[in-house]
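What follows is a single structure, written as structure tokens, with notes after it.
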Amino acid sequence: MISLLGQELVLTGPDVERYCRDWHGDVTTGALAVLRPRDTQEVAAAVRAVTALGLTIVPQGGNTGLVLGATPDRPSDQVVISLERMTMIRRIDPDDFSAVVEAGVILSDFKDQVEAAGLYFPLALGAQGSCRIGGNVSTNAGGLNVLRYGMMRDLVLGLEVVLPDGTIFDGLSTLRKDNRGIDLKQLFIGAEGTLGIVTAVAVKLMPPAEKVATALLGLGALSDAIVLYRRARRECCDLMSAFEFMPPVAFSLAQEAMPDLTMPLAANYPAYVLLEISGSGLVDIDDLLQRFLEGVMEDGLVLDGVIAASRSQARSLWMFREGMNEGQARRGPHLRTDVSVPLSRLPEFVEMAEAALTERLPDCLCVSYGHVGDGNVHLNVLPPAGLAADAVAERIYAAKAIINSVLDRFGGSISAEHGVGRLKRSDFLSRLSPAHLQLLTRVKQAIDPALIMNPGCQLNFGTDS
């Protein structure tokens, strides 16, 4: 491989280790080599070289995914192609409200450059300081602003992709309306690198939100969050950019990770909502939020609340939402789920799933939180401290089966925003209809007949299983 590509592009031996470990450090594997191309032509050359050697490819961006989609699992014949060196922002066009950016650009770096140009890119993730744009596309990333701006799929205008035979598909158009047949870029968004390697992306940009109002609200029940959301959706309209629900335990978990955090509300409530509205121009965001909260508190829908008086205070409120994830990670291996149900049935699902978990696994802690506005729930299960590794694994396996069983009754999805990867492959395949599986099979075989792209991710192609 070094003879085909040169020493500059190839890592072997101990240098590959950091590319073969998942984000949380729960899984460490291996790979024959890691290839680090610097531009699209080098990606194409790398793909051709791997194919010529009869090996397979695991594309990788920031390796921050949670379903092992970018983690190699067959060290004997897999090569990681990392996009981390492709960090050019090719252009930001304020008049076109668009940008073209290479796949290896870190999301937060891109957002900073866009902001410096007087614009806004709305994708917002906890991992935005590490994740990369190509991975955001390949996993169809969601995040905190889906309610207003949609998933990554809704922000992509065009793609440049290296196909499994080394051909470069140049679809980097920034046209908003282009109805010339099948929209091929959609095949690669959410495909997790199973059909090709995204090397550059054309994205939509927005006017910056000059005014932002953030509030943390205490509620009497999770079911009240749905009523509150319905009312906020009607009264705040499209200016509402985030509507997150959290349980009381979220605050103690966040403080375990960030001891300096101070609980902003005096009392303890059964449920909490983190609400944000934003806008610019002539709209008075602060007045809108004040009038909305006056109404819902008079009606008893919100029991207590605090409005951030500054951006730093708003950031502190969001730190509870972000810190609870770190707090859970500090407690060791646990089940992380990413499911979705019809919005109207979200409280019913959480209540039923948590009741089933409490009955079957009474020593485990359930932590349910997520994005009310899109029906996305992260129902995580934390085994008690001090258990042996096999006992922890048993509880995680049992908890997943319990949650998925309840989820199926609600017609929900096992993956709302994290993807399928290798971690959820069996759960994904067992729920596919014959027609759905047949279509996926035909697409895969048409684009990647040699089955070299990310074998074992999503489907069983290219694996022995």
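The values are calculated or read from the model by the stated rules, or taken from the named source; none is laboratory data. Since the structure is predicted, the reported quantities are computational estimates derived from the model, not experimental observations. Note: ideal-geometry Cβ built from the backbone for every residue, glycine included; neighbour counts use all protein chains shown. Surface accessibility is based on the protein's heavy atoms, side chains included, excluding ligands, DNA and RNA. Shrake-Rupley method; radii C 1.70, N 1.55, O 1.52, S 1.80 Å.
Run the reach check for LYS211 against lysines, Cα to Cα strictly under 29 Å, same-chain hits fewer than 8 apart removed. What comes back?
Partners found: LYS111.
Below 18 Å, Cα to Cα, which lysines can LYS424 reach? Residues fewer than 8 away in the same chain don't count.
LYS400
Nearest 0.05, what FRET efficiency do ASP165 and HIS436 give at R0 = 35 Å with Cβ-Cβ as r? Intermediate results must be reported in sequence, preceding the final value.
Values: r = 26 Å, r/R0 = 0.75.
Calculated value: 0.85.
For a protection proxy built on the mean count of beta-carbon atoms within 10 angstrom, sort 387-393, 367-373 highest first, please.
On the way: 387-393: 12.3, 367-373: 23.6.
Ranked by mean Cβ neighbours within 10 Å, highest first: 367-373, 387-393.
Based solely on its DSSP helices, what 222 nm [θ] is calculated for the chain when runs of n ≥ 4 H residues each add -39,500 (n - 2.57) and the sum is averaged over all residues, nearest 500 deg cm²/dmol? Could you put the intermediate results ahead of the total?
Numbers: 14 runs with 153 residues, N = 465.
Value at 222 nm, helices only, nearest 500: -10000 deg cm²/dmol.
Leaving out ligands and nucleic acids, and using a 1.4 Å probe, what accessible area per residue does the range 324-465 come to in Å²? It would help to have the intermediate numbers written out before the result.
On the way: 6450 Å² over 142 residues.
Value returned for the range 324-465: 45 Å² of accessible area per residue.
For a protection proxy built on the mean count of beta-carbon atoms within 10 angstrom, sort 261-269, 181-189 highest first, please. Show your work: numbers first, answer last.
Details: 261-269: 12.8, 181-189: 14.9.
The peptides rank, most packed first, as 181-189, 261-269.
Show which lysines lie in cross-link reach of LYS177 when reach means a straight Cα distance below 19 angstrom and same-chain residues fewer than eight apart are skipped.
LYS185, LYS204
Rounded, prolate or oblate for the range 307-364? Axes are the square roots of the Cα gyration tensor eigenvalues, ordered a ≥ b ≥ c, and the cut-off for rounded is a/c under 1.5.
Oblate.
How much accessible area per residue does the range 131-236 have, counting only protein heavy atoms and a probe of 1.4 Å, in square angstrom?
Working: 4010 Å² over 106 residues.
Here the per-residue accessible area is 38 Å².
What shape does the range 116-213 have by the C-alpha gyration tensor, where a ≥ b ≥ c are the square roots of the eigenvalues, rounded means a/c under 1.5, and otherwise prolate means a/b greater than b/c and oblate the rest? Please report the intermediate quantities before stating the final value.
Numbers: a/c = 2.11, a/b = 1.56, b/c = 1.35.
Cα axes put the range 116-213 in the prolate bin.
With a 10 Å radius around each residue's Cβ, average the other Cβ atoms per peptide and rank 86-98, 436-448, 124-136, highest first. Each step should come with its number before you reach the end.
Details: 86-98: 15.5, 436-448: 13.8, 124-136: 23.0.
Output ranking for 86-98, 436-448, 124-136: 124-136, 86-98, 436-448.
Could you check how much of the accessible area of the range 2-70 is carbon and sulfur, as a whole percent, using a 1.4 Å probe?
Numbers: 1560 of 3070 Å².
Carbon plus sulfur share of accessible area: 51 percent.
What percentage of the solvent-accessible surface of the range 213-259, computed with a 1.4 Å probe over protein heavy atoms, is contributed by carbon and sulfur atoms? Working shown, then result.
On the way: 850 of 1510 Å².
Taking all protein chains in place, the range 213-259 shows 56 percent carbon and sulfur surface.
Quick check: at a probe of 1.4 Å, how many percent of the accessible area of the range 261-387 sits on carbon and sulfur atoms? List each step's numbers first, then the result.
Numbers: 2910 of 5740 Å².
Looking at the range 261-387 in its full context, I get 51 percent from C and S.
State whether the range 1-138 is rounded, prolate or oblate according to the following rule on the C-alpha gyration tensor (a ≥ b ≥ c being the square roots of its eigenvalues): a/c under 1.5 gives rounded; otherwise a/b larger than b/c gives prolate, and the remaining case gives oblate.
Details: a/c = 2.77, a/b = 1.59, b/c = 1.74.
Verdict is oblate for the range 1-138.
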